[in-house]
Amino acid sequence: MSTSHQYLHLNQSCHFIGRKGPLLLIIMDGVGIGKSYPGNAVFLANTPVLDSLFASHLCTQLKAHGTAVGLPSDDDMGNSEVGHNAIGAGRVVPQGAKRVNLALQTGEIFKTDVWKTIAQKGKQGGTVHFIGLLSDGNVHSHIAHLFAMLRQCALENVNRVRIHMLADGRDVEGKSALKYIDSLEQLLNEINSEGYDYRIASGGGRMKVTMDRYNADWEIVKRGWYAHVLGVGRQFSSARQAIETFYADDERIIDQYLDAFVIADETGAPVGAVEDGDAVVFFNFRGDRAIELSRAFEEADFTEFDRVQVPSVYFAGMMQYDGDLMIPKNYLVTPPEIDNTISQYLSAEGVRSFAISETQKYGHVTYFWNGNRSGYINKDLESYVEIPSDRIEFDKAPRMKAVEITETTIEMLKSRKYRFGRVNFPNGDMVGHSGKLEAAVQAVETVDKCVGNLIEEVKALGGITIVTADHGNSDEMFTEKDGVRTPKTAHTLNPVPFVIVDSDYQGEYQMRRLQDAGLSNIAATLLNLMGYEKPADYEESLIEFSSK
């Protein structure tokens, strides 16, 4: 439990004391405000609740991507991690990609003891392995980061390197893996022409191999361990052959759902199994889908699956994915340190609160919301509820656990124990990533109904509901060029809604006209609506009170 919040204090507002009932924040994950076209599931869905909310005069739009959430440029899509960081922190914090970019540009990353140890392993006869998402989506990783480290390995005369690539198809186009593989192979050929031995060794789709999160399905991590570490899996002579074969086996499949594969030589031996004395680098910078494989490498008493054998290696992450649990122990770039979050302030004021979602987004309303901290800020004041997610492809059950989340939230509201609650409905994001338009429409319609039920409950209790999102996704389900539609599985650059539903609104405040308002403006607004002034270093509130 964090204790750093104990010195914090909030001043009472002289304009507003709040309502008698609770304040509930609803985050509709992946529900952005996009153009009205046949690929916008939010536009196509039957959403009487959202239609009414968006017509309200207490409604505005927020930026949820790029520099507004601490990413390097406004060409960078937002994501759930940085979105919840920004909402919970109340200010813009430089995020993973930005920090890694700077460390690479300055060369500081290669001056660290961690990098020196990695390179030393490679120069002492070991192999340096890089595991991570091979794309330029810039949500979990960026291919340029991998390329920079590969070039540095060659510069430092590391003779043998193996890459264990995870196909994306989620933060980039659904079938784009070959583009990234070809780019990587070109670099490897350049390096190998100087007498080095650098190869792709294994891979698979990110939703089937390695990149599980929140303990949702350890079989995903097990498949990765077997392919990357043990060299056990369906064999191919090259990554390109593997991808082309998977495409031929099922023309409907997209990269994120590709099975695990292993590259083998002409004798059938894997070219890149991990052995004693090697170094392993997980080059994803985002933490949620990197923690579990990190645990498999580092925990002596690991019991989530049978690892068969555990080679003695030096393991490092691009960043430390969990600062409280120190996972992993070794990392190349220091993660953002986010203190003085809204939860810390509320705990210091003795405000009782709850957070709820299903497994797929549970860590977002807890870990990321709390500034990348595991566990409670104050367990005596907070209740965190995780509803287990289904272990199937989400387009096959687009309702996900929205109904269960709603029912549990209503129970918590009716208890009258909590002054503040936050809820995440993952449907718009998780189903949006499937690229299946009809399923995404059903997902949005489910969320619409559940949001309506929660609003009615908060109204009955005399409280305030805020409805927003952390980024877009379902608002763009396909792109179209020359009459050909291509499923879009990535997040969008679209703004997100922000709506206040006040059970006893009498005109005490209005929406403030802020230029470039973003997710980081939400925290100050929440505090104002609970009767507090915002902290000095928080972004401006989205509301302004009427003069008396």
Sorted by accessible area with a 1.4 angstrom probe, largest first, how do 292, 108 fall?
-> 108, 292
Lysines whose Cα lies under 29 Å from that of residue 481, excluding same-chain neighbours fewer than 8 positions away | 35, 63, 175, 179, 396, 436
Roll a 1.4 Å probe over the protein heavy atoms and report the accessible area of residue 117 in Å², nearest 10.
-> 50 Å²
Whole-Hz Karplus ³J(HN,Hα) for region 527-536, in order, using 6.51 cos²θ - 1.76 cosθ + 1.60 and θ = phi - 60°, x for Gly and Pro?
-> 5, 4, 6, 9, x, 10, 7, 6, x, 4
Using alpha-carbon coordinates alone, the radius of gyration and Dmax of region 410-460 in Å work out to 13.7, 40
Might you tell me the accessible area per residue for the chain, computed with a 1.4 Å probe and given in Å²?
-> 38 Å²
Would you mind calculating the gained length between residue 267 and residue 194 on full extension (0.36 nm times residue separation, minus the Cα-Cα distance), in nm to one decimal?
-> 23.7 nm
In whole angstrom, how far apart do the alpha carbon centroids of region 396-417 and region 68-130 sit?
-> 36 Å
Considering region 332-476, what Rg and Dmax in Å follow from its alpha-carbon atoms?
-> 15.9, 51
Kirkwood hydrodynamic radius (Cα pairs, Å) of region 151-242?
-> 14.3 Å
What residues qualify as long-range amide H neighbours of residue 384, i.e. H under 5 Å apart, gap of 5 or more or another chain, H built at 1.01 Å from N?
-> 355
Go through region 149-166 residue by residue and turn each phi into a ³J(HN,Hα) via Karplus (6.51, -1.76, 1.60, θ = phi - 60°); whole Hz please, and just put x for glycine and proline.
-> 6, 5, 5, 5, 4, 5, 4, 9, 6, 6, 6, 10, 10, 10, 10, 10, 8, 10
When the accessible area of the chain is split by element with a 1.4 Å probe, what percent falls to carbon and sulfur?
-> 46 percent
Of all the Cα-Cα pairs you can form in region 395-548, what percent are over 21 Å apart?
-> 55 percent
Assign one of three labels to region 361-446, namely rounded, prolate or oblate, based on the Cα gyration tensor with a ≥ b ≥ c the square roots of its eigenvalues; rounded applies when a/c is under 1.5, prolate when it is not and a/b is larger than b/c, and oblate otherwise.
-> prolate
Could you pull out the GluC sites (Glu not before Pro) across region 325-362 that fall in loop regions by DSSP (anything but H, G, I, E, B) with no more than 11 other Cβ atoms inside 10 Å?
-> 337
Simple SL model, points at 7 angstrom along Cα→Cβ for residue 187 and residue 57; separation in nm is 5.5 nm
Specify which labelled value, from (i) 24.6; (ii) 24.0; (iii) 29.3, agrees with Kirkwood radius over Cα pairs in Å derived from the coordinates of the model shown.
-> (ii)
Taking every alpha carbon pair in region 281-329 and sorting the distances into 5 angstrom bins from 0 up to the bin holding the longest one, the percent per bin comes out as 5, 22, 33, 21, 16, 2
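Rounded to whole Å and ordered largest first, report the semi-axes of the equivalent ellipsoid of region 61-194 derived from its Cα gyration tensor (root of 5λ).
Computed over region 61-194, the values are 30, 19, 11 Å.
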Amide proton proximity set for residue 15, modelled H, under 5 Å, gap of 5+ = none
Between residue 231 and residues 5 or more places away or on another chain, the pairs with built amide H atoms under 5 Å apart involve 274
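Peptides 80-87, 118-125: what's the order by average Cβ count within 10 Å, highest mean first?
For the peptides 80-87, 118-125, the packing ranking is 80-87, 118-125.
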DSSP-assigned coil residues among trypsin sites (Lys or Arg not before Pro) in region 193-302, each with at most 14 further Cβ atoms within 10 Å | 252
Tell me the label-point distance for the pair residue 299, residue 276, using the 7 Å Cα-to-Cβ offset, in nm and rounded to one decimal.
-> 2.5 nm
Describe numerically, in nm with one decimal, the distance between label points set 7 Å from Cα along Cα→Cβ at residue 35 and at residue 73.
-> 2.1 nm
Could you go through region 261-270 in sequence order and give the Karplus-derived ³J(HN,Hα) for each residue, using 6.51 cos²θ - 1.76 cosθ + 1.60 with θ = phi - 60°, rounded to whole Hz, and x for Gly and Pro?
-> 9, 10, 8, 10, 7, 5, 8, x, 8, x
Treating every alpha carbon of region 127-180 as one equal point scatterer without solvent, the Debye formula yields log10 I(q)/I(0) values at q = 0.30 Å⁻¹ of -1.17
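The values are calculated or read from the model by the stated rules, or taken from the named source; none is laboratory data. Bear in mind that the values here come from a model prediction, so they are computed numbers and not experimental data. Quick reminder, even Gly has a Cβ in these numbers, built from the backbone with ideal geometry, and neighbours come from all protein chains shown. Quick note on the areas: whole protein, heavy atoms, side chains included, nothing else; ligands and nucleic acids left out. Shrake-Rupley method; radii C 1.70, N 1.55, O 1.52, S 1.80 Å.
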